[in-house]
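Worksheet: the structure to be examined is printed underneath.
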Amino acid sequence: MPESPQQAPPAARRRKDGLVILHTGAGKGKTTAALGLALRAVGHGMRVCMVQFIKGKWQCGEHHAAPLLGELFEIHPMGDGFTWDTRDREADMRRVRAGWQLAMDKVAAGGCRMLILDELLYVLSYDYFPLQEVLDFIARKPADLHLVLTGRNPPQALIDAADLVTEMVAVKHPYQQGIKAQKGIEF
């Protein structure tokens with residue numbers, strides 16, 4: 001039996017509800033950790049949907065791997081690689097809205113046991129999408145749906161609504177030594 005950071009009350013140990021999980025922080029590994037959860041869920045026969053709100057133009061390893069997992073894992077890169085230095089904020093916001101709608105449609109269609117909203121925390125911190133809409137979804141999401149959100153700077157209200165928050169800490173990164181991004185590691 002896995003160790004627990006603290007002993008949970010008996011009712012909580014039996015709870016079957018899906019968790020709300022945040023992977024955040026300045027360190028590398030937020031999307032990677034979410035993909036690890038996806039792989040684990042697929043291994044248990046759970047259907048997983050991942051919507052990426054920033055990735056879109058470049059081909060990441062997960063985009064090539066997803067079809068190999070069959071119908072249980074689907075990934076939707078919806079972004080345009082936008083950052084705080086956007087050239088068209090309105091277009092970026094439309095892409096975010098389209099990604100959100102796709103995610104909501106997937107949940108409404110049923111069968112999805114894990115929904116990963118990759119980079120959504122960035123979208124919230126850039127004020128591209130209303131936090132309240134995310135909090136409302138958390139309050140009404142299907143009881144068995146695991147919801148995973150990644151990115152930096154989650155608002156306190158989202159931290160409060162989450163069941164699990166993990167912060168990736170940047171200790172050392174190859175980029176600091178002049179080593180470029182590596183296939184299979186950063187993308």
### Task
Considering every residue within segment 84-93, establish whether at least one is within 19 Å of ALA38 (Cα to Cα), among the acidic types (Asp, Glu) and not in a helix (DSSP H, G or I).
no
### Summary
Of GLY25, GLY81, the only residue that is at positive phi and at pLDDT below 90 is GLY81
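Give the residue that is surrounded by the fewest Cβ atoms within 10 Å (Cβ to Cβ), with candidates limited to residues of segment 37-55 that are part of a loop (DSSP other than H, G, I, E, B) and at negative phi.
Here the residue is HIS44.
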### Query
Scanning segment 63-119 for residues that are of a type in the set (A, V, I, L, M) and free of Cβ contacts under 8 Å to residues at least 24 places away in the same chain, which turns out surrounded by the fewest Cβ atoms within 10 Å (Cβ to Cβ)?
LEU68
### Task
State whether the residues of segment 168-186 include one that is on the phi < 0 side of the Ramachandran plot and touching a strand residue (DSSP E or B) at 6+ places or on another chain (Cβ under 9 Å).
yes
### Task
May I ask you to verify whether LEU72 is modelled with pLDDT of 90 or more, within 21 Å of HIS173 (Cβ to Cβ) and in contact with a helix residue (DSSP H, G or I) (Cβ under 8 Å, 6 or more places away or on another chain)?
no
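Does segment 78-91 include one or more residues that are of a type in the set (Gly, Ala, Ser) and closer than 12 Å to ILE54 by Cα?
Going residue by residue through segment 78-91, those that are of a type in the set (Gly, Ala, Ser) are 79, 81, 91.
Restricting the remaining residues to those that are closer than 12 Å to ILE54 by Cα gives 79, 81.
Within segment 78-91 (the criterion being of a type in the set (Gly, Ala, Ser) and closer than 12 Å to ILE54 by Cα), the answer is yes, since at least one residue qualifies.
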### Query
Would segment 123-132 turn up any residue that is in contact (Cβ under 8 Å) with a residue 40 or more places away in the chain, closer than 18 Å to LEU19 by Cα and not acidic (Asp, Glu)?
no
### Query
Would you call ASP105 at pLDDT below 95, more than 16 Å from PHE73 (Cβ to Cβ) and of a type in the set (Asp, Glu)?
no
### Query
ALA143 versus (1) small (Gly, Ala, Ser); (2) in a helix (DSSP H, G or I); (3) exposed (fewer than 15 other Cβ atoms within 10 Å of the Cβ): which is the lone unmet condition?
(2)
### Task
Specify the residue that is nearest to THR31 (Cα to Cα); the eligible residues are those in segment 123-140 that are surrounded by 19 or more Cβ atoms within 10 Å (Cβ to Cβ) and modelled with pLDDT under 95.
VAL123
### Query
Is there any pair linking a residue in segment 15-38 that is touching a residue at least 40 places away in the same chain (Cβ under 8 Å) and within 11 Å of ARG152 (Cα to Cα) to one that is among the aliphatic types (A, V, I, L, M) and in a loop (DSSP other than H, G, I, E, B), with Cβ under 6 Å and at least six apart or on different chains, and which?
LEU22/ALA162; GLY25/MET168; GLY25/VAL169; ALA26/ALA170; GLY27/MET168; GLY27/VAL169; GLY27/ALA170; LYS30/MET168
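The values are calculated or read from the model by the stated rules, or taken from the named source; none is laboratory data. In this text, all values refer to a predicted model and were calculated from it rather than measured experimentally. We place every Cβ from the backbone using ideal geometry, glycine too, and count neighbours over all the protein chains shown.
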